[in-house]
1. If the viscosity is 1.567 mPa s and the temperature 4 °C, what translational diffusion coefficient in µm²/s does Stokes-Einstein give for region 18-70 when Rh comes from Kirkwood over Cα pairs?
2. Residue-wise, which Karplus ³J(HN,Hα) couplings in Hz belong to region 158-169, taking 6.51 cos²θ - 1.76 cosθ + 1.60, θ = phi - 60°, and x for glycine or proline?
3. Using the crude model of +1 on Lys and Arg Cβ and -1 on Asp and Glu Cβ, and no other charge, please compute the dipole size for the chain relative to its Cα centre, in debye to 20.
4. With label points built 7 Å along Cα→Cβ from the Cα atoms of Lys198 and Lys139, find their separation and express it in nm.
5. Net charge around Lys101, counting only other residues with Cβ within less than 11 Å of its Cβ (Lys, Arg = +1; Asp, Glu = -1)?
6. Along the charge dipole of region 1-113, pointing to its positive end and built from +1/-1 on Cβ of Lys, Arg, Asp and Glu, which listed residue (Ala40, Ile16, Ser30) has its Cα farthest out?
7. Hey, how many Å between the Cα centroid of region 198-223 and the Cα centroid of region 56-124?
8. If I build a Gaussian network model for the chain, linking alpha-carbon pairs within less than 10 angstrom, which residue out of Gly94, Gly61, Gly203 has the largest mean-square fluctuation?
Amino acid sequence: MRILLIEDDKKVASFILKGLTESGYAVDVSHDGSKGLILAEEEPYDLVIIDWMLPGKDGLGVCKSLRMSKPDLPILFLTAKDDISDKVTGLDAGADDYLTKPFSFLELLARIRTLMRRGTRLTEVLAVDDLEMNLGERKVYRGGQFIDLSNKEFAILEFLLRNKNRLITRTEMTEHVWNIQFDRGTNLIDVYINYLRKKLDTGTKKPLIHTVRGAGYTIKDTV
């Protein structure tokens, strides 16, 4: 799951980035409203978190523009503007939720999960063959057997399942599971794919993740 955070306070942004990354999300950060809007419009994010007071284009303007260009994209305002009138203005501009600073990180995570459940792009259970991924519980089963995955393994498998029967390039995987500054020359994706294969294919002779040599990976309903 890929999130864009548009926040000009670098300390706050660093805190949120660290917490969300540790919680298994891929996060990109922009400290400028205008640049953040370009990223949000050009990249396939699952959620955008926006501060109100931003250099370039303010958060309200970013929200209005995004609601026009991407009407189904979940948007969360995270701002120090805590007057009722500000909340009403932010929600009327198209935000799906509004959280004021200072905030509890646990509450931020809960609101993100709520928005993801509401999102039309997300389903509660993803499946292929005898593999099921329950997004609400963040659990994976194959043949009814629970498979314990790390946050990154879960994120990789989720992205593959959302795009099953389609080739996923290493570049796509990099952009969705890690952030845009990730070193694309590393073999870390291949390492994690191998981790996943060992966990998913234990006790079965039917592999689910397939390598397309020189191109990337795919997960298929049938082989």
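All of the numbers you see were taken from the coordinates with simple rules; none came from a lab. Computed from a predicted structure; not experimentally measured. Backbone-built Cβ (ideal geometry, glycine too); neighbour counts: all protein chains shown.
1. On the way: Rh = 11.6 Å.
Answer from the Stokes-Einstein relation: 112 µm²/s.
2. Computed from phi, the couplings for region 158-169 are 4, 5, 5, 5, 5, 10, 4, 6, 10, 5, 10, 6 Hz.
3. On the way: 33 positive and 34 negative charges, 163 e Å.
So the magnitude is around 780 debye.
4. 2.5
5. Numbers: positive: Lys81; negative: Glu7, Asp9, Asp51, Asp82.
That sum, taken over residues with Cβ under 11 Å, equals -3.
6. Ile16
7. With region 198-223 and region 56-124 each reduced to a Cα centre, they are spaced 37 Å.
8. With Cα springs under 10 Å in the chain, the top fluctuation among Gly94, Gly61, Gly203 is at Gly203.
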